[in-house]
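The structure under discussion appears below in the form of structure tokens.
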2 protein chains.
Amino acid sequence: MAQKAVTLKDVALAANVSRATAARALNNYGYVGGEAAERVLQAAESLGYRGNRVAQALRRGQLPLIGFMPGDIQNPFFARVAHDVDVELRASRHNLLIASSEEDPEQERELLESLRSLNVRGFMVAPTSADDNAHLMGLVKEGVPLVLIDRALPDVACDSVTVDNEGGAREAVNYLIANGHRRIGLIQDDSRITTARGRLAGYLQALQSHGIEVDESLITVSRSTVEYAIDATIRLFSRPVRPTALFTVDSLMTQGALLGLRSMGLAVPHDVSVVGFDDFNLATFTDPQITVVAQPVAQIGPLAVKLLLQRINGSTEPPHTAQFPTRLIVRGSVSRPSGARKRQQPAQA
Amino acid sequence: MAQKAVTLKDVALAANVSRATAARALNNYGYVGGEAAERVLQAAESLGYRGNRVAQALRRGQLPLIGFMPGDIQNPFFARVAHDVDVELRASRHNLLIASSEEDPEQERELLESLRSLNVRGFMVAPTSADDNAHLMGLVKEGVPLVLIDRALPDVACDSVTVDNEGGAREAVNYLIANGHRRIGLIQDDSRITTARGRLAGYLQALQSHGIEVDESLITVSRSTVEYAIDATIRLFSRPVRPTALFTVDSLMTQGALLGLRSMGLAVPHDVSVVGFDDFNLATFTDPQITVVAQPVAQIGPLAVKLLLQRINGSTEPPHTAQFPTRLIVRGSVSRPSGARKRQQPAQA
DNA sequence: CCTCTGTGTGAGATCGATATCATATTTCTG
DNA sequence: CAGAAATATGATATCGATCTCACACAGAGG
């Protein structure tokens, strides 16, 4: 099929010089005669010489590629980060290899292996599991540049760019509590995932600091897709005693929750108050507008790239763990519980 | 930094055989003694031999990579396709290189060049421009496997997987006309993009087939992001004579339009009816639910992969141009125009 | 006992780019 | 004008995996 590409040898031949001289002319290093250089450049141009990045990579041991491994590229959060990373990386002539782990630790490991053997320059990973990460520690030990995005791992000594999950969740739930809610549902990711843990921790802290007993039955796990979240919501709200409020840990789940509630005929915020982690496009178009914990998405990709490039360029600084603050954006999806049992809520007045 | 990886040579040394024998044992071909093979496998295992895909690629001239070039990975449509492609490709041990063209033909060309020199096995491209595509024709001429996604190009003789843009748009606009609208706004992409052209054509056909004169001032161009679409909407609806209905050509623009209309205090569908191309998660949560032209997104990625792999495996069939039908999903965002001048709409009753 | 075939193995070439080294030529310096 | 320094160039090794080739040695058949 594909006719073979023009190689340095072809160029050298056409310019009537050796490969060595041709290489020197093209990459301008060493001594090259002006006239010879001219002929080489000319030949390269007319033959459409492109260079073979694979051969170059073999020579210098690395491909100018970055492996990007989100949980799911369809999540707008990761899509945004991927986009920003792609753009930033362009400046340093790297390309982006994207491979979703699909939140499967096994797949994460395998993909990492496979990209590793491609001599990728570095990785940006949103680790699927908080515990099971010998493979990541291995990377670090071998000195492979690695930046964790969205999810930090204390065990893995590398750079990370995250968000204050615990604080954000706490603020959200505090806000619900301040509005008189005590039965607050939580729809969260698989608890392997560190962000899920952080957000759960924030949820628990908020409840406990207000002396509200934690009811395990209000905590539901869902995959991070709209469809799963719809199911989870329906499950949660089909129980005999319903939550009066709901906190969802990412935007796809928030959307799923909204759709689930609607399908059950429950009105937001009349029947159920909702706060979601991560803002989304239509949060202000829904009726009511949705109150969310916003993350500074736009800052994550660029910072991650900066850190990664520093490592690639040999920085041996101690790991830099950036954690951005979140911001509660109050809109209209929270009100006081309608059928509230007043006695249980002394702080309400 | 990164300590050097285990090479075949190391394995051979450890197993006390030559590189040739080690290679034979690992890839089982040719004659290898049972005992020697055993030792090699053992050594490879214990040393953690991974193989160097770059060296392999140099040898056989290709990297098991596919270049995927969407207009914007943040568009849920492309994110979905990318995800599906990623998953499908995994089965044939290929990885996905994603690089957004950001709808810039120049960038598309450059990225293509740069991925080309990586000896990528094939490309999936959503071409940014309908006209300016010598670079893609070049690829085809050189026999590089290429599948166009979402946007076909008649000039480029290669496989493509698209959707019936013209028909979908026509159906949408016909539906608006059937509901009594005659001043129908259009928010569309840059007209370089073939999908924009197709959808525009459908829009025009619908109008013309009903004898409605086309008013250029109702056609607005926006980039495909929520933000740009908000602006475009506001611009469109700030003109003295407003459209009574709006057709938007992709889901991000639909969302932007909804937000823009809301910001102007225009209610859907009371003041403005809306139909959007491409369905989206929250289309059924908004109030009203949004009527859309749905595309069979889930089918695009898998088919594109199938076609591309066939090419990679040497198929020389004539180009296969798949075009999926669209489906109008009627929800609640269209009603009869409120201030309609009845006289002009004889067909309304 | 001596070919012939089937096994098993290593040496070395190859893929394409690049860096090192050695070898010319100049050109300059004293 | 000798010798040093600068310039220009080509041979060749290298990166790691793979494959061809040639060679060894076994047992089989004559």
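The values are calculated or read from the model by the stated rules, or taken from the named source; none is laboratory data. Not measured: the values here are computed from a predicted model. Cβ: placed from backbone, ideal geometry, glycine included. Neighbour counts: every protein chain shown.
Return the only residue of B:R121, B:R93, B:R109, B:R151 being of a type outside the set (S, T, Y), more than 19 Å from A:G67 (Cα to Cα) and in contact with a strand residue (DSSP E or B) (Cβ under 8 Å, 6 or more places away or on another chain).
B:R151 is the lone residue from the list that is of a type outside the set (S, T, Y), more than 19 Å from A:G67 (Cα to Cα) and in contact with a strand residue (DSSP E or B) (Cβ under 8 Å, 6 or more places away or on another chain).
Go through segment A:9-30 and count every residue that is surrounded by 18 or more Cβ atoms within 10 Å (Cβ to Cβ) and near DNA strand D (Cβ under 10 Å from one of its atoms).
The total comes to 8.
Tell me which residues, restricted to segment A:250-265, are in contact with a Ser or Thr (Cβ under 7 Å, 6 or more places away or on another chain) and either outside the structural domain of A:Y203 (by TED's automatic domain parsing) or crowded, with 22+ Cβ neighbours inside 10 Å (or both).
Passing the criteria: A:D250, A:L252, A:M253, A:T254, A:G256, A:A257, A:L258, A:G260, A:L261.
Taking the residues in segment A:130-157 that are touching a Lys or Arg at 6+ places or on another chain (Cβ under 8 Å), assigned to a loop (DSSP other than H, G, I, E, B) and within 14 Å of chain B (Cβ to nearest Cβ) as candidates, determine which candidate is nearest to A:G301 (Cα to Cα).
Per the stated criteria, the residue is A:P145.
Against the condition in contact with a helix residue (DSSP H, G or I) (Cβ under 9 Å, 6 or more places away or on another chain), touching a residue at least 60 places away in the same chain (Cβ under 8 Å) and among the hydrophobic types (A, V, I, L, M, F, W, C), how does B:L200 come out, does it pass?
No; evaluated as a whole, the condition is false for this residue.
I'm trying to understand the selection: among the residues of segment A:103-129, which are farther than 18 Å from B:R90 by Cα and within 8 Å of chain B (Cβ to nearest Cβ)?
The answer is A:N119, and nothing else.
Identify all residues within segment A:258-271 that are out of contact with any Pro (no Cβ under 7 Å at 6 or more places or on another chain), away from every other protein chain (no Cβ under 11 Å) and touching a residue at least 24 places away in the same chain (Cβ under 8 Å); write none if there are none.
Hits for segment A:258-271 are A:M264, A:L266, A:H270, A:D271.
When you check B:D159 against the structure, is it surrounded by fewer than 18 Cβ atoms within 10 Å (Cβ to Cβ) and in contact (Cβ under 8 Å) with a residue 60 or more places away in the chain, yes or no?
no
Are any residues in segment A:31-65 more than 10 Å from DNA strand D (Cβ to nearest atom), closer than 22 Å to A:I312 by Cα and hydrophobic (A, V, I, L, M, F, W, C), and if so, which ones?
Listed by number, the residues that qualify are A:L63, A:L65.
Out of curiosity, is A:A267 part of a helix (DSSP H, G or I) and not charged (D, E, K, R)?
Considered against the rule, which asks whether it is part of a helix (DSSP H, G or I) and not charged (D, E, K, R), A:A267 comes out as no.
Got a sec? Which of B:I230, B:I187 is aliphatic (A, V, I, L, M) and either over 25 Å from the mean Cα position of the chain (by Cα) or away from chain A (no Cβ under 14 Å) (or both)?
B:I187
Just one of (1) in contact (Cβ under 8 Å) with a residue 12 or more places away in the chain; (2) part of a loop (DSSP other than H, G, I, E, B); (3) surrounded by fewer than 18 Cβ atoms within 10 Å (Cβ to Cβ) trips up A:E113, so point out which.
The failed condition is (2).
Tell me whether segment B:66-75 contains one or more residues that are closer than 29 Å to A:N281 by Cα, of a type in the set (A, V, I, L, M, F, W, C) and without any contact (Cβ under 8 Å) to a residue 24 or more places away in the chain.
No.
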